[in-house]
Amino acid sequence: MLYGGVDFLKGSFGFAPLPGKILRKSEFWALNNVSFELKRATTVGVIGRNGSGKSTLLRLIAGILPPDHGSISIRGRVGALISLGAGFHPHLSGRDNIFMNGAILGMPRRDILKKLDSIIDFAELEEFIDAPVSTYSSGMTVRLGFAIASHGEPDVLLVDEVLAVGDLRFALKCHRKMSEYRKNGGSTLMITHSNQAIRNMCKEAIWLDKGTIRAAGPVNDVCNLYEFETSRDLGESPKPTVEDRLHYDSTARISSVEFLGTIKNGAADDSISTETLYEAGKPFRLRIHYNATRIIRNPIFVVTIQNMENAVLISNYSNFDGLNLDSISGDGHVDFSLERLDLKIGKYFTSVILSEGEVSNTIDHHESKYSFLVKSRAVAYGLINPYPSWELKSEKEI
């Protein structure tokens, strides 16, 4: 429940707020009858619309707010990155805030000293670390906050939507850090409005709706249900970055990408078309060439298609689609195919990712680097054109 001013003042003077379950005027339950377990070395994502209780849940677990009733049991130390700049003194330098925020998170000073250079390097703030935090942009503040929280090595890490403030490079960097943290036995509860990030990082998800759990279980089942029931809300993907390629591992790369089966001079041609033109409703095929100078274990390929407004229309993962590879090495290629391209007329952008083991462990990422055109005889006003059929029957025929 959200506390009123009277309850806040009572809590400030050591008096417990009213524990009753009867709401007063203008009050509502931010969370009600929410129960779940976060196991060791797991990452659970929490999704839901604004106002569904996601941030309140993290604040309760972090101990910022006390529950009106019920209990929260935590084994181990909690690290939280819940709100932008939380725990930072705006007039102190980034360096001073590392020591202060680290102490708040329970890090001994000797440990902070050992990790100081690593924290600054991860946050990418070498040139600004001695400047006041008040002069930092929101992205710089998030980078510093996440760097401190992740280096504190808590048993449970709470991450709110603040990571969305960072750019694509730093977001992927955070995902890799969280992956390493999980492999070392840490548990993460993360909140984001990006179902793509939830699918990438989590095996399980919780859908909160108006303070109650609407669904909980395997991440794809929960995300599919949430997307289906909120499909009328059109979510946009992040804007394409200036740098269209992020290369993380020099031992492997996506060497080139081919559009196959394109239309050239009015005929289908199984080669790269200079116009890269497709006909809507016809097959679509993309060939991803790779070069690996070492063995890549459990490789995953990702293909994403966005429209001119940067809305993600298609995003497919090779491992989810049945292509479970043990390893790849040397030169080779994989083909991504759609039996029917259900897009309307227009221009589209394609991103391609090569990862190892899990999607967050990115090796090479070509962000919105490739484009193609779609021609169509049909008129469609939605994001896609599924080419439906209509049939009229009179009452007599029925």
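The values are calculated or read from the model by the stated rules, or taken from the named source; none is laboratory data. Predicted, not measured: the structure shown is a model, and the values here were computed from it. We place every Cβ from the backbone using ideal geometry, glycine too, and count neighbours over all the protein chains shown.
Descriptive notes on the structure:
- Single residue of Ile129, Ile120, Ile112 found to be among the β-branched types (Val, Ile, Thr) and touching an Asp or Glu at 6+ places or on another chain (Cβ under 7 Å): Ile120
- For Leu81: the one exception among (1) crowded, with 19+ Cβ neighbours inside 10 Å; (2) at pLDDT 85 or above; (3) not small (Gly, Ala, Ser): (2)
- Scan of region 183-229 for residues that are without any contact (Cβ under 8 Å) to a residue 24 or more places away in the chain and among the aromatic types (Phe, Trp, Tyr), ordered by number: Phe228
- Options Thr43, Thr56; residue that is modelled with pLDDT of 75 or more, among the hydroxyl-bearing types (Ser, Thr, Tyr), closer than 30 Å to Asp117 by Cβ and surrounded by 16 or more Cβ atoms within 10 Å (Cβ to Cβ): Thr43
- Here Ala292, Ala280, Ala311 are screened, and the one residue that is under 30 Å from Phe170 (Cα atoms) and in contact with a strand residue (DSSP E or B) (Cβ under 9 Å, 6 or more places away or on another chain) is Ala292.
- Any hit, region 370-384, residues being farther than 18 Å from Thr262 by Cα, of a type in the set (S, T, N, Q) and at pLDDT below 85: no
- Which listed residue is closer than 30 Å to Ala292 by Cα, part of a loop (DSSP other than H, G, I, E, B) and among the aliphatic types (A, V, I, L, M), from Leu323, Leu354, Leu341, Leu392: Leu323
- Boolean, Ile129 is outside any loop (DSSP other than H, G, I, E, B), in contact with a helix residue (DSSP H, G or I) (Cβ under 8 Å, 6 or more places away or on another chain), within 23 Å of Gly152 (Cα to Cα) and free of Cβ contacts under 8 Å to residues at least 40 places away in the same chain: no
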